[in-house]
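Quick notes on the structure that follows.
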Amino acid sequence: MSYQNLDNEEILRLAISAIDQDNHVEAISLLKGLLERDSNHVFANYLLAAEHAQIGMDDRAEAGFSRTVALAPEFNIARFQLGQIHLVKGDNSAAKLALEPLTRISDQNQELSHYAKGLLALTDNNTEMAIADLQLGLACQHEIPALAADMQKIVDNLIGIKS
């Protein structure tokens, strides 16, 4: 199907719809098409990175989140996801670099700040502090329920390891 007659906003909305329906092929195709038109489209870069993470292409996800953060350093969730990928890959110094700025974000998103502090504690092998900070984040109002579920899994795993 040709999307040449659609504008960027229409393509973005169709990509989001495809993401909502777990149609990764369509979402990735649409986002790549949008990025061919506007390689600096911050949200399209972010969504493509997120899609790559969803399908297990961590190197591409890492590159996409890095690009998103470079384009928009204040895009906190992209920064957080970049830090998570670095942590999973065992690159603690890169994880710290990505996550540390999130520890200073304002009251508007304390959930993410606590999660970042928890992951930073993991880079220092401080399980107790990681659990405490992650639980503080879980006690906040959840702006992103899927993120809260992921953080709960980490807490559960850490508590299981600790026992």
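The values are calculated or read from the model by the stated rules, or taken from the named source; none is laboratory data. Here the structure is a predicted model, which is why all the values come from computation and not from measurement. Glycine also receives a Cβ, built like all others from the backbone with ideal geometry; neighbour counts cover every protein chain displayed. Each accessible area value is taken on the protein alone, full model and side chains, heavy atoms only, with ligands, DNA and RNA left out. Shrake-Rupley method; radii C 1.70, N 1.55, O 1.52, S 1.80 Å.
Some points to look at:
- Options LEU71, LEU14, LEU34, LEU6: the member that is under 26 Å from TYR115 (Cβ atoms) and of a type in the set (A, V, I, L, M): LEU71
- Screening LEU120, LEU112 for residues that are farther than 30 Å from ASP20 by Cβ, in contact (Cβ under 8 Å) with a residue 24 or more places away in the chain and part of a helix (DSSP H, G or I) leaves exactly one candidate, LEU120.
- Complete set of residues in region 1-45 that are open to solvent by less than 30 Å² (accessible area, probe 1.4 Å) and under 15 Å from the mean Cα position of the chain (by Cα): ALA44, ASN45
Conditions (1) farther than 29 Å from LEU12 by Cα; (2) in contact (Cβ under 8 Å) with a residue 24 or more places away in the chain; (3) assigned to a helix (DSSP H, G or I), marked per residue:
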position	(1), (2), (3)
ASN40	no, yes, no
ASN45	no, yes, yes
ALA49	no, yes, yes
ALA53	no, yes, yes
GLY56	no, no, no
SER66	no, no, yes
LEU87	yes, yes, yes
LEU102	no, yes, yes
ALA116	no, yes, yes
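- If you go through region 117-132 and keep only what is touching a helix residue (DSSP H, G or I) at 6+ places or on another chain (Cβ under 7 Å) and more than 18 Å from VAL88 (Cα to Cα), you end up with just MET129.
- Residue within region 125-139 that is assigned to a loop (DSSP other than H, G, I, E, B), modelled with pLDDT under 95 and under 30 Å from SER39 (Cβ atoms) present: no
- ALA98 being open to solvent by less than 30 Å² (accessible area, probe 1.4 Å) and touching a Lys or Arg at 6+ places or on another chain (Cβ under 9 Å): yes
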